[in-house]
Structures are given as structure tokens and as C-alpha cells.
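> Quick one: the structure is below, questions incoming.
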Amino acid sequence: MKISSTIRQFSMLMTCFIVNFDESIGQSNVCFCTTSGYCTSNPTVSPNDGSNQIDIRIVNSWSSTLPPTSSPSFIVPVSSGISPSISQYSSCQAGLSVCCLPSYQCGIRYPPVANAPSPAQGTNQAAFGAYPWQAVILLAADSSFVGSGVLIDNFHILTVAHKVSNYANNPQILKVRLGEWDASSVIEPIQAQEYQVQRVFINPAYNSANLRNSIAILRLTNAVTLGQTPTITYACLPSAQISGQRCYVAGWGVSSFNTGSYQTIQREVDLPLVDQTTCQNQLRATRLGSSFQLDFNSFICAGGEAGKDACTGDGGSPLVCKINNNWYVAGLVAWGIGCATQNVPGVYINVVNYINWIQQTTRTP
């Protein structure tokens, strides 16, 4: 994840909550474990398509200057393994408290966890638990890093096809980690949780040469225990195109293209959304050439500010935008031309155009 030119580091909803009846308002409430203060502070809860010319934001396509040994080492947490679903509980982990609201909402960012490690000053590290929908995709055998994704319900991870298409016939090779922050440590106030992958769904129109329709869904073997911790929740999916605002990407990708190192602690970067026509024109000024055609159905763009971008290894990370109090997935990190160059936006999968496919796929037995 490239942060700055000077720093260069960077449904099938299974409820797992207590359900109470609040006589004062006469309706059922969903109660879940969260950080103190949430209920009071947030009551409302060559070819002209770029084939073989784009820089795919992927881990397993290395240049000679960036050896695979620089891939981040995601250690296995002490509590690794599938976490069982929790049907009810009467108390929360130390440092958390029960919060009861009329509903459990998607895309909620909770207040900081008590006694959580603080981000290092001047590094653009994300706060612990700031991206509770972020998923890390790993190899099950040795926890090698594959890519990122986003939790969209308690059984499914949305990611990019070019990260996981090689595993479609052998999904058991993969696992997903949720609630991760520091990949090199298990000494955190709330432990990450791991889940095995049951199925990999690849969009049938996926084109590996230009990454059009590069979107995929991982189905987990067991349900994620939503509501048990504020560091694991699911993001909202958009119903309309998001535009005209700054959004965020988090991940563990490299700090600069071809020469940077992977990050141990999750980093974040804020980026402006760039309209598709402007993006296409700016990309035509690169090696893609004046005839380059950006597929507006497949892609949206963000960035174009010097020193700020997603980069190699961030592929699949969600581009999330805040609307009112909820965070929506506008895009998934896909490709670019280099990283973090002025007037050269990064390119993201345009999630809103795949909502029908996502809904149909998540309902597939």
C-alpha cells in the first residue's frame, strides 16, 4: 500500500446475537458485543483495452526486482481454526460491552477498542479494528499471503477473480482470516479468526488479459460469528454508483512499485473518486496510448494524487466510501499503471454493476 512519496510505507445471515424485547419501545432488539460508547455516540447506525499493458495488482506475478520473499508473513494466531457459530451469550469479552439496537447494520465502524495498540505516528497505519470487513486470503497450508477481500455477509467474501481463479477447482487450498491488523503478531486485544473456503465462484465473463469482470466470491465452510466482536463485521453493497467523494483503501501491499516492501501492519489511504471519462483520458496519456478504452461497466477509478495509491499486493482490497454512518464497497483494487503517480488514477472493479451476479451467486447452493 503506497502512502506517500516521503514515507513510502504503508441473506444467509445467521444471527449470533442476544435478542431482547424492549418494553419501552415495544420491539425486538439485536444485542451484540461492541466497544463502550457506541450506543451513545452512534445511535443511528496494444489492444485498446489494456491487455498485457496494465500493472495487475497481484502477488504472484513478480518482476526480477521484487522477489516473492518480500511477501508479508501472516503468522497463524493461537486461536486459529474455524470459530463455531454462537447462538447466544450473556456477556462479552473484557473491554467490550453489550449494545442493543433495533437492528444490526452493515458497514459500521466502531469506536476504538480499549487498550488496542496505537498506529505508529507518521506511517498512515490504520487504527486497530478500523476496517472490520477486510478479509485476508491465505493459503491454508502455511498462511502464505494470496490477497484481500471484503466480507459481505456471514458466509461470503467478495474479491477479484485474478487473485483466486487458480484455486477455483481446489477451494480447500485457501482460508480466510478476519479481524487481522498486525500480520506478525498475535498479541492483540481481540484475536483474528480463520475460516476455511468451501467454494470459489468466478464471474463467467472474467478476462484475465485485461481484468474485465475480474470479480469473484469465496463461500466459507462455516458461518462467521457476526456480533461477537467489533473487529469483524460486513460492509454494505451499493445500490447506485457512488461518485464525488473521497474513499478509503486499506491493506498490506507494497510501499512503492517494484521496489517497496510489504507491510506488517495494515495501512490505509484516502483517495478521490475520479469520473470514468477523466480517468480514461488520463490513462491514455500513459503507455496505454490514445486509443485505450476503459470498460465503464467493469471499472471505476480513484486516486491520481502523487504518493497516494493502492499498489502490488493490495488486489481485492475494498475501496470503501462512507455514506451517512455506513461504509459501502464502491470498488475492489484491480490494476493501474505503476503506483501513486500524479494524474494516473488506480483502477477498481465497479462493484455496483455486479450486484445482480453477487446476489444470484450467494444464493446458489
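The values are calculated or read from the model by the stated rules, or taken from the named source; none is laboratory data. If you're wondering where the values come from, they're calculated on a predicted model, not measured in any experiment. Cβ coordinates were reconstructed from backbone atoms using ideal geometry, including for glycine residues, and neighbour counts include every protein chain displayed. Just so you know, the surface numbers come from the protein's heavy atoms only, side chains and all, with ligands and any DNA or RNA stripped out. Shrake-Rupley method; radii C 1.70, N 1.55, O 1.52, S 1.80 Å.
> Looking only at region 156-170, which residues are more than 17 Å from VAL329 (Cα to Cα) and either touching a helix residue (DSSP H, G or I) at 6+ places or on another chain (Cβ under 6 Å) or open to solvent by 20 Å² or more (accessible area, probe 1.4 Å) (or both)?
So in region 156-170, the residues more than 17 Å from VAL329 (Cα to Cα) come out as 162-170.
Result: SER165, ASN166, TYR167, ALA168, ASN169, ASN170.
> Ok, one more. Considering each residue of region 269-304, count those that are within 25 Å of the chain's Cα centre (by Cα) and either crowded, with 19+ Cβ neighbours inside 10 Å or within 18 Å of VAL351 (Cα to Cα) (or both), and give that number. Outline the logic, then answer.
Kept after step one, since they are within 25 Å of the chain's Cα centre (by Cα), are these residues of region 269-304: 269-276, 279-280, 283, 294-304.
Applying the additional criterion that residues be either crowded, with 19+ Cβ neighbours inside 10 Å or within 18 Å of VAL351 (Cα to Cα) (or both) yields 269, 271-276, 279-280, 283, 294-304.
The number of residues fulfilling the criteria is 21.
> Related question: Could you check ALA310 against (1) of a type in the set (A, V, I, L, M, F, W, C); (2) open to solvent by 30 Å² or more (accessible area, probe 1.4 Å); (3) at pLDDT below 95 and say which number it fails?
(2)
> Could you tell me whether any residue of region 141-154 is small (Gly, Ala, Ser), over 18 Å from the mean Cα position of the chain (by Cα) and at pLDDT 95 or above?
Scanning region 141-154, I find at least one residue that is small (Gly, Ala, Ser), over 18 Å from the mean Cα position of the chain (by Cα) and at pLDDT 95 or above, so the answer is yes.
> Would you pick out the residues in region 113-168 that are under 20 Å from TRP357 (Cβ atoms), in a loop (DSSP other than H, G, I, E, B) and of a type outside the set (Val, Ile, Thr)?
The answer is TRP133, ASP153, ASN154, PHE155, ALA168.
> Sort out which residues of region 268-310 are touching a Ser or Thr at 6+ places or on another chain (Cβ under 7 Å) and within 30 Å of GLN121 (Cα to Cα), and write them in order of number. Can you show your working first?
As a first pass, look at region 268-310 and keep what is touching a Ser or Thr at 6+ places or on another chain (Cβ under 7 Å): 273, 275, 284, 306-308, 310.
Across region 268-310, the qualifying residues are LEU273, ALA306, GLY307, LYS308, ALA310.
> Name the residues in region 182-196 that are of a type outside the set (A, V, I, L, M), closer than 21 Å to ALA127 by Cα and open to solvent by 10 Å² or more (accessible area, probe 1.4 Å), would you? So that I can check it myself, show each step before the final result.
Just the residues of region 182-196 that are of a type outside the set (A, V, I, L, M), to begin with: 182, 184-185, 188-189, 191, 193-196.
Within this subset, residues satisfying the condition of being closer than 21 Å to ALA127 by Cα are 182, 184-185, 188-189, 191, 193-194.
If the condition is that a residue be of a type outside the set (A, V, I, L, M), closer than 21 Å to ALA127 by Cα and open to solvent by 10 Å² or more (accessible area, probe 1.4 Å), then ASP182, SER184, SER185, GLU188, PRO189, GLN191, GLN193 are the ones that fit.
Residues are listed down the side, and each one gets a yes or a no for (1) modelled with pLDDT of 90 or more; (2) surrounded by fewer than 15 Cβ atoms within 10 Å (Cβ to Cβ); (3) among the hydrophobic types (A, V, I, L, M, F, W, C):
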position	(1), (2), (3)
SER83	no, no, no
CYS100	no, no, yes
ASN115	no, yes, no
PRO119	no, no, no
GLN125	yes, no, no
TYR131	yes, no, no
ILE137	yes, no, yes
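> Give the number of residues within region 287-314 that are in contact with a Phe, Trp or Tyr (Cβ under 8 Å, 6 or more places away or on another chain) and assigned to a loop (DSSP other than H, G, I, E, B).
Our first condition is that a residue be in contact with a Phe, Trp or Tyr (Cβ under 8 Å, 6 or more places away or on another chain); within region 287-314, this holds for 299-302, 311-314.
Keeping just the survivors that are assigned to a loop (DSSP other than H, G, I, E, B) gives 311-314.
Here the count works out to 4.
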